[in-house]
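The structure under discussion appears below in the form of structure tokens.
The values are calculated or read from the model by the stated rules, or taken from the named source; none is laboratory data. The structure displayed is predicted, hence computed values, not measured ones. Using ideal geometry, Cβ is built from the backbone for each residue, glycine included, and neighbour counts are taken over all protein chains shown. We work out accessible area using only protein heavy atoms, side chains counted, and drop any ligands, DNA or RNA first. Shrake-Rupley method; radii C 1.70, N 1.55, O 1.52, S 1.80 Å.
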Amino acid sequence: MPTIIEEGKDTIIFVTKEDHEAPSNAELVEEDPNDPYEERGLILPSGEINWNCPCLGGMASGPCGSEFKEAFSCFHYSKEEVKGSECLDQFRSMQECMQRYPELYPQEDEKDEKDKQEQATESGANAASEGQKDNDTTESEVKS
């Protein structure tokens, strides 16, 4: 007899060798393409863009959400030989918006620089901590 454990959205089923020897009686349920709660990818079966897709990283919302949607939609529906070549104005508008909010949309080189600074700060704190340990050890050795 299988053991079934529910953990949040997941169901874990542990089976024995005997369970595997019996033929399956599982019924496959066809997905409802109109189910609004069903997880979908970036492009819905209708061909429309799924603005709620986690793959967009929240870009469709926030202060530049409308600019992002315009640029991305233009690119997605583009029929040009060089896909999206007619979307330069929309992407320029999105970029200008993003530059007005550098704390929300850091440039890659700014982000790299910030990461390096954070790592240096952490390294300095770790080095100071190690130095304190060394001093403690030295003092106890001198007392001995």
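Laid out as a table, the results:
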item	result
Residue tally, condition among the basic types (Lys, Arg) and modelled with pLDDT of 85 or more, over segment 28-50	0
Count of residues meeting criterion [in contact with a helix residue (DSSP H, G or I) (Cβ under 9 Å, 6 or more places away or on another chain) and either in a loop (DSSP other than H, G, I, E, B) or in contact (Cβ under 8 Å) with a residue 24 or more places away in the chain (or both)] in segment 62-78	8
The lone exception for Cys53 - which of (1) open to solvent by less than 90 Å² (accessible area, probe 1.4 Å); (2) at pLDDT 90 or above; (3) not β-branched (Val, Ile, Thr) it fails	(2)
Candidate set from segment 1-27 (those that are assigned to a loop (DSSP other than H, G, I, E, B) and hydroxyl-bearing (Ser, Thr, Tyr)); member that is modelled with the lowest pLDDT	Ser24
Restricting segment 80-108 to residues that are in a loop (DSSP other than H, G, I, E, B), free of Cβ contacts under 8 Å to residues at least 24 places away in the same chain and farther than 17 Å from Glu70 by Cα, the residue that is farthest from the chain's Cα centre (by Cα)	Glu81
Unmet requirement for Met59, which otherwise passes all of (1) open to solvent by less than 70 Å² (accessible area, probe 1.4 Å); (2) in a helix (DSSP H, G or I)	(2)
Residue list for segment 1-23, filter: in contact (Cβ under 8 Å) with a residue 12 or more places away in the chain and either among the hydrophobic types (A, V, I, L, M, F, W, C) or open to solvent by 100 Å² or more (accessible area, probe 1.4 Å) (or both)	Met1, Phe14, Val15
